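The values are calculated or read from the model by the stated rules, or taken from the named source; none is laboratory data. Nothing here was measured: the structure is a model prediction, and the numbers come from that model. Counting neighbours? That spans all protein chains shown, and the Cβs are built from the backbone with ideal geometry, glycine included. Just so you know, the surface numbers come from the protein's heavy atoms only, side chains and all, with ligands and any DNA or RNA stripped out. Shrake-Rupley method; radii C 1.70, N 1.55, O 1.52, S 1.80 Å.
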Amino acid sequence: MATRKPFVGGNWKMNTNRSTGSDLARGVVDGLMTLDGVDTCIFPPFPYLLTIRAILRDRGSAVRLGAQDVFHQPDGAFTGEVSIPMLKDCGVQHTLVGHSERRQVIGEKDELINKKARALLEAGCDVVFCVGETLEERQAGHQEIVNARQVRTGLAEIPASLMERLVIAYEPVWAIGTGKTATPQDAQEMHRQIRELIARMYNADVASRVRIIYGGSVKADNAAELFAQPDIDGGLIGGASLKTADFVTIVKAAAEAGRAKP
Ligand code: PGA
């Protein structure tokens with residue numbers, strides 16, 4: 001068993017409805033009932049959190065419940081936002097922070113992302129913190145600088161003691177929802193660089209324990225090769241997490257890869 005337990009997230013984004021989301025959750029739970037050696041979390045849209053939570057609970061599933069975003073203030077006049085206490089109240093364990101669609105489409109900046117990550121960790125919640133370069137940035141050869149900036153700013157003032165509850169998702173923007181996957185070698189290289197950066201920011205122990213997962217067109221047929229890379233500890237799955245059989249195959253590939261690692 002690898003020193004780092006693999007983690008796979010199913011990011012449903014703004015998809016499903018109450019009925020199709022429930023079917024999907026039931027399918028995932030049933031497909032993974034006997035599986036161990038991997039942490040699995042599904043991230044439904046906010047309105048369905050309680051419905052999906054009930055399904056996970058009823059079936060005694062180890063699959064966890066996640067939220068796709070949060071606002072860092074505990075309460076108050078923030079129309080349309082959802083707070084950490086609200087998410088906790090709904091049984092949410094993991095929350096995505098800094099997903100590229102929030103950065104690119106909604107315009108979230110590193111500083112806001114840092115506030116969200118800090119507030120979640122300080123409240124005892126788990127975080128999946130996403131980083132990744134755009135196509136232009138990669139073509140200009142700036143991917144290392146861009147990811148380093150996002151990691152340094154996003155994790156500013158987060159102490160080593162809270163890093164245990166944080167998973168980093170490296171998701172190159174050009175690979176998300178495009179069908180273009182980073183090669184296992186390119187993804188591994190970026191994961192290695194991020195782990196080295198964490199060692200410089202914190203220490204070797206934190207770096208060796210932090211899970212760094214890959215996202216961007218992970219599918220049932222390319223997951224195993226990606227997850228076999230030494231610094232890739234699982235995946236954040238968008239499109240393929242909406243198909244029960246594909247998602248189950250991907251989670252099983254992560255568990256298998258974890259078992260094969262030293
Ligand atoms: P994708 O999305 O798997 O559809 O590329 C991944 C993500 O955005 O987390």
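Name the residue, out of Thr34, Thr51, Thr16, Thr3, that is more than 21 Å from Val127 (Cα to Cα) and at pLDDT below 95.
Thr34
Only one of (1) surrounded by fewer than 18 Cβ atoms within 10 Å (Cβ to Cβ); (2) touching a Lys or Arg at 6+ places or on another chain (Cβ under 6 Å) is not met by Pro262, so which one is it?
In the conditions (1) surrounded by fewer than 18 Cβ atoms within 10 Å (Cβ to Cβ); (2) touching a Lys or Arg at 6+ places or on another chain (Cβ under 6 Å), Pro262 misses (2) alone.
For the stretch 114-134, give me each residue that is over 22 Å from Leu50 (Cα atoms) and either within 15 Å of the ligand (Cβ to nearest atom) or outside any helix (DSSP H, G or I) (or both).
Phe129, Cys130, Val131, Gly132, Glu133, Thr134
Yes or no: the stretch 94-112 includes at least one residue that is in contact with a His (Cβ under 9 Å, 6 or more places away or on another chain) and open to solvent by less than 30 Å² (accessible area, probe 1.4 Å).
Yes, the conditions are met somewhere in the stretch 94-112.
For the stretch 9-45, which positions are within 19 Å of Gln68 (Cβ to Cβ) and assigned to a loop (DSSP other than H, G, I, E, B)?
Listed by number, the residues that qualify are Trp12, Lys13, Met14, Asn15, Thr16, Asn17, Pro44, Pro45.
Taking the stated definitions as given, is Gln188 part of a helix (DSSP H, G or I), away from the ligand (no atom under 16 Å from the Cβ) and within 30 Å of Lys243 (Cβ to Cβ)?
Judged against the criteria, Gln188 is a match.
Just one of Gly179, Gly132, Gly124, Gly98 is over 14 Å from the mean Cα position of the chain (by Cα) and under 23 Å from Lys13 (Cβ atoms); which is it?
From the options Gly179, Gly132, Gly124, Gly98, the qualifying one is Gly179.
What tally of residues in the stretch 203-252 results from selecting those that are part of a helix (DSSP H, G or I), open to solvent by 10 Å² or more (accessible area, probe 1.4 Å) and in contact with a strand residue (DSSP E or B) (Cβ under 9 Å, 6 or more places away or on another chain)?
Residues that pass the stated criteria total 2.
Among all residue pairs at least 6 apart or on different chains, which show Cβ distances below 8 Å where the first residue, located in the stretch 86-110, is small (Gly, Ala, Ser) and within 11 Å of the ligand (Cβ to nearest atom) and the second is modelled with pLDDT under 95 and not in a strand (DSSP E or B)?
That search, which allows pairs on different chains as well, returns Ser100/Val173; Ser100/Ile176.
Can you pull out the residues in the stretch 165-185 that are in a strand (DSSP E or B) and under 12 Å from Tyr214 (Cα atoms)?
Val167, Ile168, Ala169, Tyr170
Working only within the stretch 84-93, note down all residues that are open to solvent by 30 Å² or more (accessible area, probe 1.4 Å), of a type outside the set (D, E, K, R) and assigned to a helix (DSSP H, G or I).
Listed by number, the residues that qualify are Pro85, Met86.
Could you grab me the full set of residues in the stretch 149-179 that are closer than 18 Å to Gln104 by Cα and open to solvent by 30 Å² or more (accessible area, probe 1.4 Å)?
Selection gives Arg149, Thr153, Val173, Trp174, Gly177, Thr178.
I want to confirm something. Restricting to the stretch 14-45 and keeping residues that are more than 12 Å from the chain's Cα centre (by Cα) and within 16 Å of the ligand (Cβ to nearest atom), which single residue is most open to solvent (accessible area, probe 1.4 Å)?
Selected residue: Met14.
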